[in-house]
Ligand SMILES: [Zn+2]
């Protein structure tokens with residue numbers, strides 16, 4: 001069933017925030033299974049919260065229908081699902097219409113054969129790829145406002161550094177943007193030695209900063225990482241030393257740090273003529289308690305016969321919002337195939353994910 005679902009989902013051109021038609025498609029699929037569907041549209045973003053039954057023990061499958069733009073260079077039409085040698089090509093097949101199809105298919109299989117004494121819910125958005133204000137975070141606010149409880153959530157996200165199912169993402173490093181500006185004398189290049197060339201000092205500072213070792217990691221997290229993303233002087237003239245230069249960094253940091261301790265470290269390293277601006281994104285977090293992680297690990301192990309690795313590899317996802325209200329883990333396709341031209345996932349991976357999601361549903365009532 002997941003192949004038909006994926007074929008239909010890929011055909012919707014859901015570049016963020018477009019997603020209304022794909023959300024309606026999922027809603028009508030779930031309505032036929034007996035779900036009560038609430039379309040929670042905010043701004044130009046389409047969201048869905050669908051729930052089967054009305055029990056406190058509510059297991060949620062979350063995801064997104066939006067995709068990144070297709071870009072040039074495809075061998076096939078990115079919005080027509082194309083099978084080739086066990087691979088399924090199309091924009092979103094990996095991230096994450098493929099895993100979403102596996103989840104919907106697992107839910108249908110499970111409900112067609114069981115009458116559960118728990119609730120199953122589905123939370124979908126059309127703005128995950130930009131993580132704006134009107135997607136999952138707004139839905140989470142809505143759920144809080146309406147006292148709607150979720151006991152545990154599986155985010156069917158493209159997240160695995162290994163094969164599908166062999167990795168459970170249980171949290172994420174924090175993210176901080178750091179912008180430096182160096183200021184110095186603006187002068188003719190021949191006067192560089194006389195007035196001092198702040199660009200030379202800035203280059204030395206940037207190199208030292210980029211090579212700073214912040215820590216060696218922690219129990220659930222890789223070492224914190226400083227990456228330079230841009231250096232800008234904007235000087236089109238060869239005989240002038242400009243008065244300002246800027247550089248941009250992003251730091252992915254683990255739970256050895258808070259925003260405050262990290263920012264203080266940077267402020268204390270600053271040369272006198274360099275100023276800094278910070279933009280805080282997300283603090284590092286573990287999204288689920290040990291019990292829920294154990295539950296998911298055991299459901300995966302039962303299905304594929306391999307104990308999955310649990311970790312916090314990769315970038316931010318809607319787990320950032322969902323973990324505010326419940327236990328959330330991510331189980332999905334290998335992230336190496338996400339966002340690429342000629343995006344694909346294998347049929348086998350979707351089959352494995354369908355079995356894992358089904359196993360989670362089967363074990364949830366026990
Ligand atoms: Zn995704």
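Taken together, the values in this text are just the output of simple stated rules run on the coordinates, not laboratory data. Computed from a predicted model, the values in this text were never measured in an experiment. Every residue, glycine among them, receives a Cβ derived from its backbone with ideal geometry; neighbour counts consider all protein chains shown.
The relative contact order of the range 174-280, computed from alpha carbon pairs under 8 Å that lie at least 6 residues apart in sequence, is 45 percent.
Against the chain, whose longest principal axis is taken from its Cα atoms, helix 198-210 shows a tilt of about 30°.
Over the C-alpha atoms of the chain, the Rg to Rh ratio, Rh being the Kirkwood estimate, stands at 1.06. Between 0 and 90 degrees, the angle of helix 347-364 with respect to the longest Cα principal axis of the chain falls at about 70 degrees.
Each of residue 112 and residue 72 was given a label point 7 Å from its Cα along the Cα-to-Cβ line. The distance between the two points is 4.5 nm. Among 351, 294, 173, the largest mean-square fluctuation in a Gaussian network model of the chain (Cα springs under 10 Å) belongs to 294. The order of the peptides 237-250, 60-73 by mean Cβ neighbours within 10 Å, most packed first, is 60-73, 237-250. Taking a ≥ b ≥ c as the square roots of the Cα gyration tensor eigenvalues, the range 52-168 comes out oblate, since a/c reaches at least 1.5 and a/b does not exceed b/c. Cβ crowding within 10 Å, taken as a proxy for footprinting-reagent exposure, orders 312, 82 from fewest neighbours to most as 82, 312. Highest mean packing comes first when the peptides 102-108, 84-90 are listed by Cβ atoms within 10 Å, giving 102-108, 84-90. Taking Cα centroids, how far is the range 167-221 from the range 1-46 in Å? Cα centroid of the range 167-221 versus Cα centroid of the range 1-46: 43 Å apart. Among 318, 225, 179, the largest mean-square fluctuation in a Gaussian network model of the chain, built with springs joining Cα atoms closer than 10 Å, belongs to 179. Across the chain, the relative contact order, built from alpha-carbon pairs under 8 Å that are at least six residues apart, equals 26 percent.
Calculated translational diffusion coefficient of the range 49-96 (4 °C, 1.567 mPa s; Stokes-Einstein with Kirkwood radius over alpha-carbon pairs) equals 96 µm²/s. Going from the residue with the fewest nearby Cβ atoms within 10 Å to the one with the most, 121, 298, 213 rank 213, 298, 121.
Relative to the longest principal axis of the Cα atoms of the chain, the long axis of helix 290-304 makes an angle of roughly 60 degrees. The alpha-carbon atoms of the range 174-280 define a convex hull whose volume equals 88 cubic angstrom per residue.
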